[in-house]
1. So which trypsin sites (Lys or Arg not before Pro) in the stretch 28-101 are both in a DSSP loop and have at most 10 other Cβ atoms within 10 Å of their Cβ?
2. Determine, for the stretch 35-155, the count of lysine pairs separated by eight or more sequence positions (or lying on different chains) whose alpha-carbon distance falls under 17 Å.
3. Could you give the length gained on full extension between Arg49 and Asn106, defined as 0.36 nm per residue of separation minus the Cα-Cα distance, in nm?
4. So if R0 is 25 Å, what FRET efficiency would Asp26 and Ala97 give, r being the distance between their Cβ atoms, rounded to the nearest 0.05?
5. Binned at 10 Å from 0, what are the whole-percent values of the Cα-Cα distance distribution for the stretch 35-155, short to long?
6. Averaging over all projection directions, find the projected area of the Cα convex hull of the stretch 20-94 and quote it in nm² with one decimal place.
7. Length gain on complete extension for the stretch Glu124 to Met155, per 0.36 nm per residue less the alpha carbon to alpha carbon distance?
Amino acid sequence: MPGVGEQVGDTLARFRPRHEFFIGIDSDGCAFDTMEVKHKECFIPNTIRCFDLQAVSKYAREAAEFVNLYSRWRGINRFPALVLALDLLRVRPEVRARGVDVPELNAVRTWLEHESKPANPGLERACAAASGNRAAELRRVLDWSKAVNASIHDMVRGVPPFQACGKPWPRQTDAPTSWSSLRHRPPRWRKSGPNTT
């Protein structure tokens, strides 16, 4: 079964414009105000749990919130964001003082250098091709990513679109959207979004 990223790519590859104008919108943080709830309630708790950061949870939360919500990196792909947040966490004096081993994710860094579409399907292939410690690290990150997706599925609902996104689009435009999970994004668009294709 293809992954979400592959499904979205297939959808866009099959897209045939019907109008002169095209409007493309990323749903998270652009059309729907979901960034805060997704990161604070789904990504960060799973990061703390999956990477054994309980002893420095306050600092792990601060680093992840900074990267994903309050910095120039807001909105970057989850995998480089994870690496960056852990890098920032590792150098904090409070974390060093507690002697917590913050993973460096070197196997993930190498994967990211060679992966043009970092998403679970590509990470699954990398896991299958790896062995030893490299495979274990990649599997740990894949398990984290799947746990994040499960949390999002359970947690993120009832978030209305930003006011401007609830208004109808001109009929002479094509307005497909991107979404991070095909399972639960289209209903939000069907309920409150523009005239999507």
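Derivation of every value follows stated rules applied to the coordinates shown; laboratory data play no part. Keep in mind that this is a model prediction, so the values were computed, not measured. Here the Cβ positions follow ideal geometry from the backbone for every residue, glycine too, while neighbour counts run over all protein chains shown.
1. Answer by residue number: Arg72.
2. Qualifying lysine pairs in the stretch 35-155: 4.
3. 18.6 nm
4. Plugging the Cβ-Cβ distance into 1/(1 + (r/R0)^6) gives 0.05.
5. Whole-percent P(r) values from 0 Å outward: 13, 46, 35, 6.
6. With the hull built on Cα positions only, its mean projection is 5.7 nm².
7. Computed gain between Glu124 and Met155 is 8.7 nm.
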